[in-house]
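Engineer: The following block contains the structure, expressed as structure tokens.
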Amino acid sequence: AFNVKIASSGKTYCVPAGRTVASVLADNGVTVPTSCEEGVCGTCITRVLDGVPAHRDAYFTDDERARNDQFTPCVSRALSNCLVLDL
Ligand code: FES
């Protein structure tokens, strides 16, 4: 499990194994637009202000993933304990 923090509200939510970031946020009223929910369309791209994403998408280039400043919350997770999201 890891945490995601919403920059605008300061609220932090736990993302357990088996749940996606997008679904946990939706449960808490933080809506991220999604479409494919498989990491291929890019609809859900969200800026990452701090922390290191575990990229599981098939959308970004390797260079884009290496910058760690955006991720796809429909499938991607975190390598750090907390991701701060620009939401
Ligand atoms: Fe398509 Fe996340 S909804 S990449």
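Engineer: Identify, from the list 31, 46, the residue that is in contact with a Leu (Cβ under 8 Å, 6 or more places away or on another chain) and closer than 22 Å to residue 67 by Cβ.
Structural biologist: Numbers: 31 fails: closer than 22 Å to residue 67 by Cβ.
Sole residue among the options that is in contact with a Leu (Cβ under 8 Å, 6 or more places away or on another chain) and closer than 22 Å to residue 67 by Cβ: 46.
Engineer: Looking only at segment 57-78, how many residues end up being part of a loop (DSSP other than H, G, I, E, B) and either in contact (Cβ under 8 Å) with a residue 24 or more places away in the chain or under 10 Å from the mean Cα position of the chain (by Cα) (or both)?
Structural biologist: Adding up the residues that qualify gives 5.
Engineer: Search segment 1-20 for residues that are on the phi < 0 side of the Ramachandran plot and pair each with any residue that is modelled with pLDDT under 95 and not hydrophobic (A, V, I, L, M, F, W, C) when their beta-carbon atoms are under 9 Å apart and the residues are at least 6 apart or on different chains.
Structural biologist: none
Engineer: Also, quick follow-up: Out of 47, 19, I need the residue that is basic (Lys, Arg) and in a loop (DSSP other than H, G, I, E, B). Which one?
Structural biologist: Working: 47 fails: in a loop (DSSP other than H, G, I, E, B).
Sole residue among the options that is basic (Lys, Arg) and in a loop (DSSP other than H, G, I, E, B): 19.
Engineer: Follow-up. I'm checking my understanding of the structure. Among residues of segment 51-65 that are of a type outside the set (Phe, Trp, Tyr) and touching a Gly at 6+ places or on another chain (Cβ under 8 Å), which one is surrounded by the fewest Cβ atoms within 10 Å (Cβ to Cβ)? Lay out the reasoning, then the answer.
Structural biologist: Within segment 51-65, the first condition is being of a type outside the set (Phe, Trp, Tyr), and the residues that meet it are 51-58, 61-65.
Subset that is touching a Gly at 6+ places or on another chain (Cβ under 8 Å): 56-58.
Working: 56: 15, 57: 23, 58: 13.
Going through the qualifying residues, I end up with 58.
Engineer: Answer with yes or no whether residue 48 is away from the ligand (no atom under 13 Å from the Cβ), under 11 Å from the mean Cα position of the chain (by Cα) and surrounded by fewer than 19 Cβ atoms within 10 Å (Cβ to Cβ).
Structural biologist: Considered against the rule, which asks whether it is away from the ligand (no atom under 13 Å from the Cβ), under 11 Å from the mean Cα position of the chain (by Cα) and surrounded by fewer than 19 Cβ atoms within 10 Å (Cβ to Cβ), residue 48 comes out as no.
Engineer: Restricting attention to segment 25-45, report how many residues are on the phi > 0 side of the Ramachandran plot and either within 13 Å of the ligand (Cβ to nearest atom) or in contact with a strand residue (DSSP E or B) (Cβ under 7 Å, 6 or more places away or on another chain) (or both).
Structural biologist: Within segment 25-45, the subset on the phi > 0 side of the Ramachandran plot is 29, 37, 39, 42.
Within this subset, residues satisfying the condition of being either within 13 Å of the ligand (Cβ to nearest atom) or in contact with a strand residue (DSSP E or B) (Cβ under 7 Å, 6 or more places away or on another chain) (or both) are 37, 39, 42.
Qualifying residue count for the region: 3.
Engineer: Could you run through segment 71-83 and say how many residues are in contact with a strand residue (DSSP E or B) (Cβ under 6 Å, 6 or more places away or on another chain) and crowded, with 21+ Cβ neighbours inside 10 Å?
Structural biologist: Number satisfying all stated conditions: 4.
Engineer: Only one of these conditions is not met by residue 68: (1) more than 10 Å from the ligand (Cβ to nearest atom); (2) in contact with a Gly (Cβ under 6 Å, 6 or more places away or on another chain). Which number is it?
Structural biologist: Exception for residue 68: condition (2).
The values are calculated or read from the model by the stated rules, or taken from the named source; none is laboratory data. Remember, it's a predicted structure, so these values are computed and weren't measured experimentally. We place every Cβ from the backbone using ideal geometry, glycine too, and count neighbours over all the protein chains shown.
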